[in-house]
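Okay, structure first, notes after.
All of the numbers you see were taken from the coordinates with simple rules; none came from a lab. The structure presented is a predicted model; accordingly, all values stated were derived computationally and were not measured. Counting neighbours? That spans all protein chains shown, and the Cβs are built from the backbone with ideal geometry, glycine included.
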Amino acid sequence: MSQIIFSVLLAITIGIFAYSAFRIYQLFKLTKPAYPVKDFGKRIKRTIVNAFLQERIFRNRIAGIMHALVFWGFCMILFGSIEMVIDGVAGTERALSFAGVVYDLLMAAIDIFAYIIAILIVIFIIRRSLLNIKRLHGKELSKKNHIDAYIALSFILILMITLAGMNIFYLAGNSDTVGIYPVSSLIAPVFSSMSGDTIELLHNINWWAHIILIFIFANILPYSKHFHIFMSIPNVFFSRLTPLGKMTNMDSITKEVKLMMNPETAFAAAPEGEAAPARFGILDIEDVTWKNYIDSLACTQCGRCTSVCPANITGKELSPRKMIIDIRRRMKDKGNHLVKEGKDYADGKSLIRDYISTEEIWACTTCNACAKECPLNIDHPTFILDLRRYLVMEESAAPAQLNAIFSNIENNGAPWQYSNQDRLNWTE
Amino acid sequence: MSEALSSKITVPVMADLFAKGEKPEYLFWVGCAGAFDNRYMKVAKAFASILNHLGTSYAVLGTEESCTGDPARRAGNEMLFQMQAMTNIEIFKMYEIKKVITICPHCFNILKNEYPDLGAEIEVLHYTEFLAEMIKTGKLKTDKSKLEGKTVTYHDPCYLGRANDIYEAPRFVINSLGLKLSEMHRNKSFALCCGAGGAQMFKDAEKGEKEIFIERTEEALETKADVIASSCPFCMTMLTDGLKYKNKEEEIKNLDIAELVAGALI
């Protein structure tokens, strides 16, 4: 009976998740190419170092250690959850216990991490609610963002409590147990006076509560900032391998410039059959690349980027975190309509101006502090520069002082108004 | 010092050498600031004097050099950038230039990372990398007694540091001069921008509570160093402005690494 109930619940979970994943896939289909994904060896290495070894997160020592412990704990607990699903469907008990010593160690790790994570989550809740950590309270974070954070923290806390409960009552109710449970085995004796039935009931309650919460949590995630849990590792894997200073080349412009500079083609009509790109740079959500969008799905709004942004530190409007949140917000507001109603859907708004002001766009110094700080390799500057490309090449809407350097560069080959004939004056 | 920096120095020009059938090993890419900014012209001169001292085979493009297009590209004007880049690349090809040394990290970054997309086949060095190599191989010797005992703080230019992971070469050069390095709170990959990158150099900052260059200058002043060293023309401008704003320009010097080295040549 319980196998059937479990299988039905699992099927519903997978069904809903598949639906969410399909919707996200459709949104990805709206995005533009970013760069070809190759060099898999380098990508795997980067994923190991940045994601599994949590390299970047340690730039912030204390928060980094706390996050890494939660991450490594989740990696271990994942195996426990897989076992629970196998047990639930097949009616087995501890299906992975055939692994012997490995299983003992896995269970020991899970048991220890369950308590560590529970304590850390309590610290995170206190930190978020009582300590005034600036990066957790940017003005771009709405009440909804804060509630989202507390929901996720609560889910994880209850998941860890029920996991510990499972272990405790498993030990209290059985004399011949498999696996090692270093912490729970210290607590289990407290409950040994209870009747066998009560202990079994409590074990089952914890077991079912844990797995059902996972099912629910998994389906909340695609709509939460904690989609991070699924998207962060792919985001690291797909992140660009080029130096942070390198901007992507606009090949469509290269074609035009080459035609222009070649005397034979300079005055000829544009070649037929080659459609010019719909738009230079990014104005709205249909112009963003798949990398911009996956960045926005992986972002958990930790604010490390904004906390190191020189513009933000000195009180300018720009917050790199806000820019990434805006991509996801705009995709939610417009992308779904584009999927349903077709490419011509318009709501009279755009990412630039209705979500991101030109003041934010022009405040960036392209210093790459945000990109360097992001533990997931989110690439804020590339996005910001593509917004500038739209403003300049489609609207000629650069600040006046920048228009002046453009004409200087065009006229005399330098951002300043000096004659090229004076280029050797420094040797005098 | 081999040549007094106050007098005219002889700098070989690519077109002249080419006319004589000579092909120098390096192109010294001076950059717009080195050519036109009164303060940074001195740095260009200091670096050229080091090259002359070393007897390096090099030349500059002189009147044939033109903006790399960096400020245009980072201000969103891809069209103008690519026109500049393709013109410059043609000149590289014409003179068969294989190795380029820049003093400006913005020129360095764009020539090294972005010009290859448009067909450039050049090896690009920032001058701090070049100097570190010359010191390591024993070709460049410096008189440690000239600067011994002075403390210096080094401001990492974003386009050298985070953009290209070059943190050690400039520090190696500073240490080899007998200077004591006193790091700012935010240094290396954590370094705070001076506020000039991404074409900000050429426009007023957006409104805020503070100028970025003042924030960074205050941090540099906290180190109590005698000299604020950098290796970028825009950082130089910003930090010099910061020192003026703080009325410290008499007490604390803002020098480029090339100037520190040029002053200690033996």
Q. Distance from the Cα centre of segment A:61-91 to that of segment B:77-142, in angstrom?
A. 49 Å
Q) Just from its helices, what would the mean residue ellipticity at 222 nm be for chain A, if runs of 4 or more DSSP H residues each count -39500 (n - 2.57) and the sum is divided by every residue, rounded to the nearest 500 deg cm²/dmol? A) -19000 deg cm²/dmol
Q | Highest to lowest packing among A:322-335, B:49-62, scored as the average C-beta count within 10 Å | A | A:322-335, B:49-62
Q: Divide by every residue of chain B the summed helix terms, -39500 (n - 2.57) for each DSSP H run of at least 4, and state the resulting mean residue ellipticity at 222 nm, rounded to the nearest 500 deg cm²/dmol.
A: -11500 deg cm²/dmol
Q.
Helix A:251-261 against the longest principal axis of chain A: what's the angle in degrees, Cα atoms only, rounded to the nearest 10?
A. 10 degrees
**Q.** Highest-first arrangement of B:67-76, A:347-356, where packing means the average Cβ count within 10 Å
**A.** B:67-76, A:347-356
(Q) If I model a spin label at A:ILE216 and B:LYS244 as a point 7 Å from the Cα along the Cα→Cβ vector, what separation in nanometres do I get? (A) 6.4 nm
Q) Along the charge dipole of the protein assembly as shown, which of A:PRO415, B:HIS155, A:PHE383 sits closest to the positive end, that is, farthest toward it, with unit charges on the beta carbon of Lys, Arg, Asp and Glu (+1, +1, -1, -1)? A) B:HIS155
Q: At a temperature of 4 °C and a viscosity of 1.567 mPa s, determine how fast segment A:125-268 diffuses translationally according to Stokes-Einstein, using the Kirkwood radius over alpha-carbon pairs as Rh; express D in µm²/s, rounded to the nearest whole number.
A: 63 µm²/s
Q: Give the whole-number value, in cubic angstrom per residue, of the convex hull volume spanned by the C-alpha atoms of chain A.
A: 211 Å³
Q) For segment B:142-262, what is the largest minus smallest coordinate of the Cα atoms on each principal axis, given in angstrom and ordered from greatest to least? A) 46, 33, 24
Q: Return a whole-number percent for the relative contact order of chain A, with Cα pairs under 8 Å and 6 or more residues apart as the contact set.
A: 19 percent
Q | Table column - 3J(HN,Hα) (Hz), segment A:305-315, Karplus curve with 6.51, -1.76, 1.60, x for Gly and Pro | A | 4, 5, 5, 10, 6, x, 5, 5, 4, 9, x
(Q) Need one value for A:409-419: mean number of C-beta atoms belonging to other chains within 10 Å of its residues' C-beta atoms. (A) 6
Q. Is there a simple number for the mean count of other chain Cβ atoms within 10 Å of the Cβ of residues in B:150-158, and what is it?
A. 1
Q.
Once you compute Rg and the Kirkwood Rh from C-alpha atoms, what is the Rg to Rh ratio for segment B:14-131?
A. 0.95
Q. Under a GNM of chain B (C-alpha, springs under 10 Å), which listed residue has the highest mean-square fluctuation: B:PHE81, B:PHE92, B:PHE202?
A. B:PHE202
Q) Of A:GLY88, A:GLY41, A:GLY179, which has the largest mean-square fluctuation in a 10 Å C-alpha GNM of chain A? A) A:GLY41
Q: Pop the C-beta distance of A:GLU264 and B:MET94 into the FRET formula with R0 = 25 Å and round what comes out to the nearest 0.05.
A: 0.80
Q: Just report the Cα centroid separation between segment A:142-185 and segment B:202-247, whole Å.
A: 51 Å
Q.
If I take every Cα pair under 8 Å that is 6 or more residues apart in chain B, average their sequence separation and divide by the length, what percent do I get for the relative contact order?
A. 20 percent
(Q) Which one, A:TRP208, A:TRP416, A:TRP72, has the greatest fluctuation when you compute a Gaussian network model over chain A with C-alpha springs under 10 angstrom? (A) A:TRP416
Q) Counting pairs of alpha carbon atoms under 8 Å apart in space and at least six apart in sequence, what relative contact order in percent does segment A:298-428 give? A) 22 percent
Q: Give me the lysines in straight-line cross-link reach of B:LYS150: C-alpha distance below 16 Å, same-chain residues under 8 apart excluded.
A: B:LYS180, B:LYS224, B:LYS253
Q | Rounded tilt (10° steps) of A:101-129 against the dominant C-alpha axis of chain A | A | 60 degrees
Q: Treating cross-link reach as a plain straight distance, find the lysines whose alpha-carbon is under 16 Å from the alpha-carbon of B:LYS207, omitting any fewer than eight places away in the same chain.
A: A:LYS316
Q: Provide the percentage of antiparallel DSSP beta bridges, counting only those with both residues in the protein assembly as shown; round to the nearest 5.
A: 5 percent
Q. Could you state the per residue volume, in Å³, of the convex hull enclosing the Cα atoms of segment A:2-225?
A. 178 Å³
